[in-house]
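Here is the structure we will look at, set down as structure tokens.
The values are calculated or read from the model by the stated rules, or taken from the named source; none is laboratory data. No experiment lies behind these values; they were computed from the predicted model shown. Counting neighbours? That spans all protein chains shown, and the Cβs are built from the backbone with ideal geometry, glycine included. Heavy atoms of the whole protein, side chains included, go into the accessibility calculation; ligands, DNA and RNA do not. Shrake-Rupley method; radii C 1.70, N 1.55, O 1.52, S 1.80 Å.
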Amino acid sequence: MSTEDYLKDITEIKDMMNKSSRFFSLSGLSGIMAGIYALIGAAIAYYLVSISGRDYLILDGKIFSYILLDLIVVATLSIVTAIFLSTRKARKNSETLWNSASQRLITAFLIPLLTGGTYILIKISSHHYGLTGSLMLIFYGLALVNASKYTIGNVKYLGYTEIVLGLICAIYPGYGFWFWVLGFGVMHIVYGSLIYFNHDR
């Protein structure tokens, strides 16, 4: 067997190992759509606060309940869209959406995310609202970095960006809303576009 044949075999083995350990069917379009949903949700939240007559929220107030519902709708739409588009991409790649790689990806992603979500709820219930936007960005970024080893490697760069934005947001908590818009809205659209043009097409 020639050297070229050995190299070809090694390459094929490496590709097989990557496919078995990483989930490559994340859709760039789902990132774009998540960013659009976030921007629309942020616009609705901004409008609700503006018509409330005050520039802050009360935990047991009606406006807070509407904004919480707004966040839930944005998150639900983002998850459903990601599942739908990733399923379609997986079929094109002759992969299954639910396999050992995707299971590891979801587990790695959810551990920091659920931990952060629980912590944020504890802080909110104690009437500590100031760093909510910062904490959301930081824990989401940590979740992305943790999950990146089981999917497209450059997901970690979006994670790093979210963490940096969260830390800056902690320094300027009064601008938490706008950092949230930048992190969850604009950066998702930018990252999703890069994935779409570099991997999906």
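Sorted largest first, the spans of the alpha carbon positions of the range 161-201 along the three principal axes are 40, 14, 7 Å.
Modelled label positions at Tyr172 and Val190, each set 7 Å beyond Cα in the direction of Cβ, lie 1.5 nm from each other. Put simply, the amide H of Thr151, placed in the peptide plane, has neighbours under 5 Å in Phe23, leaving out anything fewer than 5 places away on its chain. Computed from backbone phi, the HN-Hα couplings of the range 78-91 come to 5, 5, 4, 5, 4, 5, 5, 6, 5, 4, 5, 5, 4, 5 Hz, rounded to whole numbers (Karplus: 6.51 cos²θ - 1.76 cosθ + 1.60, θ = phi - 60°; Gly and Pro given as x). For the range 124-163, the direction-averaged projected area of the alpha-carbon convex hull comes to 2.9 nm².
For the range 35-159, the alpha carbon positions stretch 54, 25, 22 Å along the principal axes, listed from largest to smallest. Based on the Stokes-Einstein relation at 10 °C and a viscosity of 1.306 mPa s, and on the Kirkwood radius from alpha carbon pairs, the range 129-201 is assigned a translational diffusion coefficient of 129 µm²/s.
Per residue, the accessible area of the range 90-187 comes to 54 Å², computed with a 1.4 Å probe over protein heavy atoms only.
What the phi angles of the range 99-105 give under the Karplus curve with 6.51, -1.76 and 1.60, with θ = phi - 60°, is a coupling list of 9, 4, 5, 5, 5, 5, 4 Hz, glycine and proline written as x.
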